[in-house]
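Note sheet for the following structure.
The values are calculated or read from the model by the stated rules, or taken from the named source; none is laboratory data. These numbers come from a predicted model, not from an experiment. Neighbour counts are summed over all protein chains in view; Cβ atoms, including those assigned to glycine, are modelled from backbone coordinates with ideal geometry. Ligands, DNA and RNA are stripped out before the accessible areas are found, and what is left, the full protein with its side chains, is counted by its heavy atoms. Shrake-Rupley method; radii C 1.70, N 1.55, O 1.52, S 1.80 Å.
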Amino acid sequence: MAKVFIKTYGCQMNERDSEQVGASLVARGHVLTPEENEADVILYNTCSVRDMAEQKALARMGNVVHRKRESGRGERIVLGFLGCMAQSRGEDLFKTMPELDLVVGTQKFHRVADHIEALLKARELKRICDTEEELDSQNTIRDHLSVQKAAPCAFVSIMQGCNMNCTYCIVPFTRGGERGRPIPEIVAEVGGLAARGVRDVTLLGQIVNLYGRHEFPERDGKSPFVQLLEAVHGVEGIDRIRFTSPHPIGFREDLIGCYGRLAKLCEHVHLPVQSGSNRILKAMHRAYTRERYLTLIANIRERVPDVAVTGDIIVGFPGETEEDFEETRSLAREVDFDNVYVFRYSPRKDTPASEMAEQVEESVKERRNQVLLADLKEIALRKSRGLVGQEVEILVDGPSKTNPDRLSGRTRKNQLVVFDGGSPRHIGQIMRVRINETTGYTLYGQADILND
């Protein structure tokens, strides 16, 4: 039995993949530990979408290697990289870090436990690199950590890969082409989660609303993704359904029509836009225009007037001028986003954008990043201040990360609420909380004691 530490860098899909690895290890009798210094196995599940995430993972592993040498525990610690960076760099990681034992790519998470046990049993030091493609790997991310009572919220992977080939993105290389899981298998997984106390599920996919377009037929004018939403909606015990991340070109009328019709589908749309400039959108190969994106948002709001809209934006894409950037700022104001994840463009190996002329200087990227963040915070403050004095409905998911004496939860619109007046027995319950103050992206309040 080994003590295993897993650190995840990147998106919710990476978090879900790490949970799959953890579940497979626990099933074999190993123990997950939050203490890196006491672990026999140290695994970093790595993002490769941005260079910063890669550098953080490499630097942290470098520190581990240094401590390993100093402690003299080298023969008893297995060190490994998993995920997107492992997929893209492969064997080269052993050259960068000779002390590394294991490199496992995005289609082999279900093999990690086998590889770790082989390394732990080996009398002589050896290295394992497993980054080959595997048929039906999308169907292997289905296990959740086996605990008596699950957390009230869970992620469910419904597909792997992406076929969009945006010019800045390495994901089609690290995760392969689109592959969807069958609807009955996904529904069975959600049903199992509901039986363990999960009430809020987020369906995950690289381009989630294009799920199943190559494997499964449309029925009655409904895409496979809409068919999946309807099937998950029928699972008893599930109160809230979310999904991320969609692509604007896959947001058709049948999907918009689900809002309001499917009561469990939350009034929150995360819809990446990346830029407000048509010239930059074309260079990114995003396959829509500024005008089409704005029309789509208007159509969604016509269906659900009070919907929360969040998104992703990249600043500093090659060739982005001040005029292009100002178009992005104006789009953000026009959409009136509830929140946006803003990223500075980061060149990725072998992507078309990395070879483009007119690469933007880092100082310019940083300035634009800060300007846009300030714009978005102003919007968020205005919107969240409108909730002060009102009651909101939240699903309590656990203690606040910054103050364990308080609980936290999220509204159906995915707003984070930290509140007083609750106790651990309220975790997993839906409660009413009166909002007293806000910092913009976080709401603070007092629980309605009538829910006790």
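What fraction of the DSSP beta bridges in the chain is antiparallel, stated in percent and rounded to the nearest 5? Can you show the working numbers first?
Working: 21 of 67 bridges.
Roughly 30 percent of the DSSP beta bridges within the chain come out antiparallel.
How large is the accessible surface of K7 in square angstrom, using a 1.4 angstrom probe and rounding to the nearest 10?
Counting only protein heavy atoms, the figure is 70 Å².
Per residue, how big is the convex hull around the C-alpha atoms of region 256-387? Give it to me in cubic angstrom, could you?
Normalising the Cα hull of region 256-387 by residue number yields 114 Å³.
Tabulate in residue order the Karplus-calculated ³J(HN,Hα) for region 166-174, using 6.51 cos²θ - 1.76 cosθ + 1.60 with θ = phi - 60°, rounded to whole Hz; enter x for Gly and Pro.
Ordered by residue, 3J(HN,Hα) equals 4, 5, 9, 9, 9, 4, x, 7, 7 Hz.
Would you calculate the volume per residue, in Å³, of the smallest convex hull containing every Cα atom of region 156-228?
Convex hull of Cα atoms, per residue: 100 Å³.
Please identify the cysteines of the chain that lack any partner cysteine with a Cβ under 4.7 Å from their own Cβ.
C11, C47, C84, C129, C153, C162, C258, C266
Would you be so kind as to identify all helices of the chain, as entire DSSP H runs, whose Cα atoms reach 15 Å or more along the helix's own axis and whose mean Kyte-Doolittle hydropathy is at least 0.0?
On the way: long enough: 12-27 (22 Å, -0.61); 51-71 (30 Å, -1.04); 183-195 (18 Å, 1.32); 290-303 (20 Å, -0.86); 322-335 (20 Å, -1.35); 362-385 (34 Å, -0.86).
Span-like helices here: 183-195.
Suppose accessible area is computed on protein heavy atoms with a 1.4 Å probe; arrange D51, D220, D200 from highest to lowest. Walk me through the intermediate numbers first.
On the way: D51 55, D220 150, D200 5 Å².
Heavy-atom accessible area, descending, gives D220, D51, D200.
How high is the FRET efficiency between N278 and R303 when r is their beta carbon distance and R₀ equals 25 Å, given to the nearest 0.05? Present the calculation step by step, with values, prior to reporting the outcome.
Working: r = 26 Å, r/R0 = 1.02.
About 0.45, to the nearest 0.05.
Can you run phi through the Karplus equation (6.51, -1.76, 1.60; θ = phi - 60°) for region 3-8 and list ³J(HN,Hα) in whole Hz, with x for Gly and Pro?
Result, ordered by residue: 8, 10, 10, 10, 10, 10 Hz.
Enumerate the amide H contacts of S157 below 5 Å, restricted to partners 5 or more residues apart or on another chain; note that Pro and chain-start residues carry no placed amide H.
When sequence neighbours closer than 5 places are left aside, the close amide H contacts are L204.
Within 10 Å, count the other beta carbons around each residue, average over each peptide in 78-90, 265-277, 335-347, and list them highest first. Before the final figure, lay out the partial values.
Details: 78-90: 24.4, 265-277: 22.3, 335-347: 19.0.
Averaged packing, sorted descending, gives the order 78-90, 265-277, 335-347.
Kindly sort R242, R142 by accessible area of their heavy atoms, largest first, with the probe set to 1.4 Å.
Values: R242 25, R142 120 Å².
In descending accessible area the options line up as R142, R242.
Please calculate how many Å² of accessible area region 315-409 carries per residue, with a 1.4 Å probe and no DNA, RNA or ligand atoms counted. Could the numbers behind the result be given before it?
Values: 4940 Å² over 95 residues.
On a per-residue basis, 52 Å².
Within the accessible area of the chain, what % is carbon and sulfur when the probe is 1.4 Å and the other protein chains stay in place?
Working: 10000 of 20210 Å².
Percent of accessible area from carbon and sulfur atoms in the chain: 49.
Using the alpha carbons of the chain, what is the convex hull volume per residue in cubic angstrom, as a whole number?
Numbers: hull volume 68.3 nm³, N = 452.
Normalising the Cα hull of the chain by residue number yields 151 Å³.
Please state the relative contact order of the chain as a whole percent: Cα pairs under 8 Å, 6+ residues apart?
Numbers: 886 pairs, mean separation 45.6, N = 452.
Answer for the chain is 10 percent.
Could you go through region 251-262 in sequence order and give the Karplus-derived ³J(HN,Hα) for each residue, using 6.51 cos²θ - 1.76 cosθ + 1.60 with θ = phi - 60°, rounded to whole Hz, and x for Gly and Pro?
8, 8, 4, 5, 6, 4, x, 5, 5, x, 6, 9
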